[in-house]
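Down below is the structure, laid out as structure tokens.
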Amino acid sequence: MQKFKTKSDLSFYLSSLADPLIGFVPTMGALHNGHLALLRQAKKQCSVVVCSIFVNPTQFSNKEDFNSYPNTLSDDITKLEKINCDVLYVPDVSDLYTIDEKTKHYNLNGLDNVMEGKFRKGHFDGVATIIEKFFNIIRPHKAYFGQKDLQQILVVKSLTKQLNLPIEIISVPTIREENGLAMSSRNKLLSPKQIETASMLYKSLKFCKTNKDKFSITNLKNYIKIQFSEQLEVDLEYLEFVDANNLQNISFFQENNNAICIAAYLGGVRLIDNIIF
């Protein structure tokens, strides 16, 4: 596996390859089986796979969340080598941002104003800023993202279309713990007991899907809110029933492309999940 710290060295290396089909998996490290699923799919479809590990400061509105984000670089490198990742890019902030550089502001067609965007102001401008930088450096043919971050996928698709970039954005199904909890780097910050408690996020999503023909969306939402209010360890931030293509709220279930999205805090750790059907 080739390792690079600077965009100039990475770009030079990639440009030296003979007509590669480049797949790109952006991560913030603390790699788990969800990340590895993205990389394995990229390996199947591309001749060269680039993984980045970079905790992007501009997408964090909460400095404590940024500072507490897990750092397991040595273990991450071992995992990447085991699955034969071709290229690892681990830049410093100074390689991607100039001093006092501000995030760009994007027109994301309202995708950035709901759910994550509503509760994390400026988050998706930060995401779009770093993704645009990565795409310009790596120039991938395909980029891979986990379905757990549905809103991020739609934002990246919108960005790619706006910038007229010939990059295919590929969504990979969420990988879960045995109890259903969506795998996340933040899970490392939870105790075993908290991990078990956190399973209620996915259980709530499954309950809504299973009972979609028995109850209205309003009744399902109210029922789940009551369940969370009775669980003192978990603070529900939002539960939204939306169209999976544009995140617009729905009042009734559609034939397909329904998404239920959830975010909650457990012990100060923020968790998100969704289910699409």
Exercise. What distance in nm separates the simple spin-label points at residue 256 and residue 230, each placed 7 Å from Cα in the Cβ direction?
Worked result: 3.6
Seminar exercise, completed: In degrees rounded to 10, the 0-90 angle between helix 33-45 Cα long axis and the longest Cα principal axis of the chain is 50
For this session: Roll a 1.4 Å probe over the protein heavy atoms and report the accessible area of residue 158 in Å², nearest 10.
Result: 20
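Per residue, how large is the accessible surface of the chain? Use a 1.4 angstrom probe and give square angstrom. Could you put the intermediate results ahead of the total?
Values: 13750 Å² over 277 residues.
Accessible area per residue: 50 Å².
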Problem set entry | Tilt relative to the chain, helix 7-16 - C-alpha long axis, 0 to 90 degrees, to 10 | 70
Exercise. Taking the Cα centre of the chain as the origin and placing charges on Cβ (Lys, Arg +1; Asp, Glu -1), which of 179, 155, 256 is farthest toward the positive end of the dipole?
Worked result: 256
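As an exercise, identify the GluC sites (Glu not before Pro) in the stretch 139-217 lying in DSSP coil whose Cβ has no more than 14 other Cβ atoms within 10 Å.
On the way: sites: 168, 177, 178, 196; in loops: 177, 178.
Answer by residue number: 178.
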For this session: Choose one of 34, 97, 55: the residue whose Cα lies farthest towards the positive end of the charge dipole of the stretch 31-162 (beta-carbon charges +1 Lys, Arg; -1 Asp, Glu; about the Cα centre).
Result: 34
Seminar exercise, completed: FRET efficiency for residue 92 and residue 121 from the Cβ-Cβ distance with R0 = 35 Å, rounded to 0.05, comes out at 0.85
Seminar exercise, completed: Longest principal axis of the chain (C-alpha) makes with the long axis of helix 123-138 (C-alpha) an angle, in degrees to the nearest 10, of 30
For this session: For an R0 of 41 angstrom, estimate the FRET efficiency from the Cβ-Cβ distance between residue 223 and residue 67 and round to the nearest 0.05.
Result: 0.65
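Quantify, in whole percent, the carbon and sulfur part of the accessible surface of the stretch 121-171 (1.4 Å probe; protein heavy atoms only).
Values: 910 of 1940 Å².
After summing per-atom areas, the C and S share lands at 47 percent.
The values are calculated or read from the model by the stated rules, or taken from the named source; none is laboratory data. If you're wondering where the values come from, they're calculated on a predicted model, not measured in any experiment. Please note: Cβ atoms are built from the backbone with ideal geometry, for glycine as well, and neighbour counts cover all protein chains shown. Side chains included, ligands, DNA and RNA excluded: accessible areas come from the protein's heavy atoms. Shrake-Rupley method; radii C 1.70, N 1.55, O 1.52, S 1.80 Å.
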